[in-house]
Amino acid sequence: MQIVDPNNPIPKYLQISAWLTEAIQIGRYPLGQKIPSEVELSRMCQVNRNTLRQAIAELTKSGLLLKKKGKGTFVTALEASALKHQLNRISSFGQELSKAGVHETTHLIAKGIEKPTNHAAKALALDSNSQVIAIRRLRTGDEIPLIYEETYLPVDLFDGILKMDLTGSLYAIFTHSFDTVLARCEQTITAVCLKGEIAQLLNLKKGAAALYMESVTYNDNNMPIEFLCGYFRGDKYAFAVELGQYHLTEQ
């Protein structure tokens, strides 16, 4: 069995960490059990020990593994600790990860002006002949792919944004460079199975479970200014919301 595909653009240590995670979840390495040594795993994966140590370090950070000096590395959880995205306010991905102590990096996949789908046009209150600014990005935490997102913006509201650095917070750009007030946001979240291209970007197998979020953000004039489609890794992410007091309503 080939664990690491040298032709896969995903870094080798991430391929190994994904394989080890799956092995733990299917019971090959049960909770509390010691996993093979670095030498054995290096041979199995056909990589050097530095690459293998990177993979182990990723799973140690996520809480799946624990290294015990002089004893080895042991399985301490069957699932990684999920990052949480709060739904009770508008916030950026970078802000959420920073609070969790995770280093965030954004990779720009593509950008340009294109004709929107009917769904995107409707979300932005545009007619079918309009064009939109499209920005596709991969968001990572501690170099682990977490979210693939597609952002669609009205051309007339964000002229010149494609010339800017789009690897940071788009919300900061909206606010500071275009004097846009982010007044409210409507979000819809569903469970999906990933298609091949997006699954590969997120370092998952085709058909893997994910959380799909559609988000429409409005300015202070109640105009939709952003339509965002985000695919969140189901094994890494959770959504959290705080609810108010329950009140009994008479029927």
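Scanning segment 161-215 for residues that are of a type in the set (D, E), without any contact (Cβ under 8 Å) to a residue 60 or more places away in the chain and either surrounded by 15 or more Cβ atoms within 10 Å (Cβ to Cβ) or within 16 Å of G230 (Cα to Cα) (or both) gives E186, E197. Restricting A210, A199 to those that are part of a helix (DSSP H, G or I), hydrophobic (A, V, I, L, M, F, W, C) and out of contact with any Pro (no Cβ under 9 Å at 6 or more places or on another chain) reduces the list to A199. Restricting attention to segment 139-162, the residues that are assigned to a loop (DSSP other than H, G, I, E, B), closer than 15 Å to L124 by Cβ and in contact with a helix residue (DSSP H, G or I) (Cβ under 7 Å, 6 or more places away or on another chain) total 0. Within the set G63, G27, the sole residue that is among the small types (G, A, S), part of a loop (DSSP other than H, G, I, E, B) and either at pLDDT 90 or above or within 25 Å of G141 (Cα to Cα) (or both) turns out to be G63. Put simply, of D165, D142 the only residue that is touching a His at 6+ places or on another chain (Cβ under 6 Å) and not aliphatic (A, V, I, L, M) is D142.
For residues that are surrounded by fewer than 15 Cβ atoms within 10 Å (Cβ to Cβ) and either basic (K, R) or within 11 Å of S17 (Cα to Cα) (or both), tally how many sit in segment 39-52. Of the residues in that region, 2 qualify. Screening D179, D165 for residues that are under 16 Å from K111 (Cβ atoms), at pLDDT 95 or above and in a loop (DSSP other than H, G, I, E, B) leaves exactly one candidate, D165. Of all residues in segment 20-29, those that are surrounded by fewer than 19 Cβ atoms within 10 Å (Cβ to Cβ) and not small (G, A, S) total 4.
The values are calculated or read from the model by the stated rules, or taken from the named source; none is laboratory data. The structure displayed is predicted, hence computed values, not measured ones. All Cβ positions, glycine included, derive from the backbone under ideal geometry; neighbour counts span all protein chains shown.
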